[in-house]
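The values are calculated or read from the model by the stated rules, or taken from the named source; none is laboratory data. It should be emphasised that the depicted structure is a prediction, and the values quoted were computed from it without experimental measurement. Reconstructed Cβ throughout: ideal geometry from the backbone, glycine too, with neighbour counts over all protein chains shown.
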Amino acid sequence: MRYLCRKIGIMETITIKINTNSKAGKALKTMLEFFSKQPSVEIVEEKSPYNPEFVKKIRESEKQIKQGKFVVFNSKDVWGSLGL
């Protein structure tokens, strides 16, 4: 079916998430931007549906976890695990 779609000129949509902080991500984005100058390729960037403040809090939490700044507790003894 894909062959038939290409044969009659229907475009396909591909979603790619790129980490532009990595070398590979930067290289891929540069390559895609080069191809976007061709009439048969269009790049459509979508904004995140998440509130920027929410994303900032999540990223800060991920950073704290990597730094070991978190508490592990026993779900069967929550109060005891927290020292309360």
Going through the stretch 29-78 in order, the residues found to be aromatic (Phe, Trp, Tyr), part of a helix (DSSP H, G or I) and at pLDDT 85 or above are Phe34, Phe54
Expected output for the stretch 43-71 (first residue surrounded by fewer than 10 Cβ atoms within 10 Å (Cβ to Cβ), partner modelled with pLDDT under 90 and part of a loop (DSSP other than H, G, I, E, B), Cβ below 8 Å, 6+ apart or cross-chain) is Val71/Leu82
